[in-house]
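**Q** Got a structure here, written out as structure tokens. Questions coming.
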Amino acid sequence: MKFPGYGHAIGDEVLKEIAMRLERAIRKEDTIARLGGDEFAVVMESLKEAEGTMHCVQRLNAAFKEPVIVGDAQFVLSASIGISLYPQNGTDAHTLLRNADTAMFKAKEAGRGTFQFYVEEMTRYAVERARMEADLREAVERGELELHYQPQISLKDGHVVGFESLVRWRHPELGGLAPDQFIALAEDSGLILPLGEWVLRTACRQVTQWYSEGKNPGRVAVNISACQLGDYSLLDVVRTVLRETGCRPEWLELELTESSIMTRTQQAVSVMSELREVGVQLAIDDFGTGYSSLAYLRQLPIAKLKIDSSFIRDVSENEVDAAIVRAVIALGKTLNLQVIAEGVETCEQEDLLRAEGCDVVQGYYYSRALPAAEAGEFLRQEQHHSTKAVTSEPESLS
């Protein structure tokens with residue numbers, strides 16, 4: 001197996017270490033086998049259905065507690081565990097493995113380091129998931145995807161300084177789907193790479209068009225997933241898209257989550273440094289949710305921290321959230337980084353953020369994410385009012 005950015009040799013060493021840890025975690029009478037890639041199967045006999053199974057799951061998860069170190073590389077890993085029981089979930093090996101695999105995919109959706117027992121409803125879920133994956137494979141060719149753009153507003157002067165691009169899927173049967181309804185599926189199926197390139201190309205083409213029309217949209221921000229960050233071709237894709245769309249590097253901002261960076265820190269620093277050399281601005285999205293090390297944060301070639309909306313939601317009433325927001329803003333200023341708060345919905349939230357020195361905001365208080373045409377009109381009106389205010393100033397002073 002090849003770990004993105006490290007190659008087959010390092011990947012094999014990581015898998016060997018994990019295999020040894022898992023072998024130490026099971027009993028002598030149990031059986032463990034690698035099914036392929038990074039998937040392992042464990043057969044355990046004579047377990048008390050609830051207590052025994054849970055105890056085994058805890059031991060297996062404990063095998064991933066410590067990072068895996070191979071040479072100078074360090075990997076923070078976790079396991080998603082699917083469980084099927086004999087005879088409730090099958091009486092032959094094929095059925096038990098298939099159902100455990102279905103439960104494992106459900107566990108992956110629930111988050112890292114989780115487990116799921118198989119239930120019959122999961123079979124229907126697996127069928128629906130397969131259908132959604134097939135639909136998503138054809139969504140780009142069918143023109144079912146579109147980008148919406150949410151304005152980012154400077155708290156200093158109220159002007160638009162950028163837009164965050166957010167993909168939407170107009171499913172022919174299910175209607176409009178937000179990213180949280182299909183991005184995880186795209187990542188699990190490998191579709192995130194062509195989907196991510198489509199998003200990047202569309203956003204770059206749009207911001208280039210706005211500038212050609214005399215508008216000043218600032219930067220357009222594009223979210224980069226952990227899978228894209230771990231792919232060898234990301235840097236080449238960015239360079240190619242910039243060249244083919246005529247988008248200047250300084251018009252583009254790439255947003256990466258803390259968790260995607262921390263799972264492959266050394267590789268992330270290398271890729272991000274190369275992207276920064278190209279001239280693209282980088283931001284950490286959902287800051288405060290990924291448990292990043294401040295030591296690593298100093299190494300990252302970033303220009304912006306985005307405070308996760310979960311901290312903004314109750315910032316006016318919850319002192320703990322307010323303290324976290326103040327700390328992130330202070331950290332950003334110390335590191336000479338711009339700080340942007342997402343999910344702003346009220347005047348009270350805006351007042352607090354301005355008082356604490358936050359630089360930029362976005363959220364429903366200003367605008368929802370808009371289709372390209374509406375976003376362009378929003379920008380035109382904002383700049384029209386700004387120009388009108390400037391040209392009328394001499395009259396008010398005379």
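**Q** Among the DSSP beta bridges whose two residues both lie in the chain, what percent are antiparallel, rounded to the nearest 5?
**A** On the way: 25 of 51 bridges.
If we restrict to bridges inside the chain, about 50 percent are antiparallel.
**Q** Which of the three applies to the range 126-278, rounded, prolate or oblate, going by the alpha-carbon gyration tensor with a ≥ b ≥ c and a/c under 1.5 meaning rounded? Mind showing how you got there, number by number?
**A** Numbers: a/c = 1.74, a/b = 1.26, b/c = 1.39.
Here the range 126-278 falls in the oblate category.
**Q** OK, next. Report, in order of residue number, the helices in the chain meeting two criteria: a C-alpha extent of 30 Å or more along the helix axis, and a mean Kyte-Doolittle hydropathy of at least 0.0; treat each whole DSSP H run as one helix. Working shown, then result.
**A** Details: long enough: 121-142 (32 Å, -1.01); 372-397 (38 Å, -0.90).
Flagged H segments: there are none.
**Q** Identify which of the listed values of Rg and Dmax of the Cα atoms in Å was calculated from the structure shown: (i) 21.4, 67; (ii) 24.1, 92; (iii) 21.9, 72.
**A** (ii)
**Q** Where does the chain land at 222 nm, in deg cm²/dmol rounded to the nearest 500, when only DSSP H runs of n ≥ 4 count, each adding -39500 (n - 2.57), divided by all residues?
**A** Details: 15 runs with 193 residues, N = 398.
Counting only the DSSP helices, I get -15500 deg cm²/dmol.
**Q** Right, here's the next one. Using Cα-Cα distances under 8 Å and only pairs 6 or more residues apart, what relative contact order does the chain have, in percent?
**A** Details: 600 pairs, mean separation 47.1, N = 398.
Relative contact order of the chain: 12 percent.
**Q** Pop out the carbon and sulfur fraction of the accessible area of the chain as a percent, whole number, probe 1.4 Å. Present the calculation step by step, with values, prior to reporting the outcome.
**A** Working: 10610 of 20530 Å².
That fraction is 52 percent.
**Q** Could you give the length gained on full extension between Asn318 and Glu348, defined as 0.36 nm per residue of separation minus the Cα-Cα distance, in nm?
**A** Working it through step by step, the gained length comes to 9.6 nm.
**Q** What pairs in Lys106/Lys304; Lys65/Lys106; Lys28/Lys106; Lys16/Lys306; Lys106/Lys333 have C-alpha atoms more than 32 Å from each other?
**A** Working: Lys106/Lys304 34 Å; Lys65/Lys106 22 Å; Lys28/Lys106 29 Å; Lys16/Lys306 38 Å; Lys106/Lys333 41 Å.
Over 32 Å Cα-Cα: Lys106/Lys304; Lys16/Lys306; Lys106/Lys333.
**Q** While we're on this one: Under 4.7 Å Cβ to Cβ, no partner at all: give me those cysteines from the chain, in residue order.
**A** Cys with no partner Cβ under 4.7 Å: Cys56, Cys227, Cys347, Cys358.
**Q** Name the aspartates and glutamates eligible as straight-distance cross-link partners of Lys156: C-alpha to C-alpha under 20 Å, and not fewer than 8 places from it in the same chain.
**A** Once the sequence-local aspartates and glutamates are set aside, what remains near Lys156 is Glu164, Glu342, Glu345, Glu348, Glu350, Asp351, Glu356, Asp359, Glu382, Glu393.
**Q** Let me ask you something else. Charges only on Cβ, +1 for Lys and Arg, -1 for Asp and Glu: so what's the dipole of the chain about the Cα centre, in debye to the nearest 20? List each step's numbers first, then the result.
**A** Values: 41 positive and 61 negative charges, 158 e Å.
Taking the Cα centre of the chain as origin, the dipole is about 760 debye.
**Q** Continuing with the same structure: Using a basic spin-label model with each label point 7 Å from the Cα along Cα→Cβ, how many nm lie between Glu377 and Gln299?
**A** It works out to 4.9 nm between the two label points.
**Q** Still on this structure, I have one more. State the antiparallel share, in %, of DSSP beta bridges confined to the range 134-291, rounding to the nearest 5.
**A** On the way: 12 of 25 bridges.
Approximately 50 percent, going by the DSSP bridge assignments.
The values are calculated or read from the model by the stated rules, or taken from the named source; none is laboratory data. What you are looking at is a predicted structure, and each value in this text was computed from that prediction instead of being measured. When we count neighbours, we look across all protein chains shown, and the Cβ atoms used for this are built from the backbone with ideal geometry, even at glycine. The area values use the complete protein model at the heavy-atom level, side chains included, leaving out ligands, DNA and RNA. Shrake-Rupley method; radii C 1.70, N 1.55, O 1.52, S 1.80 Å.
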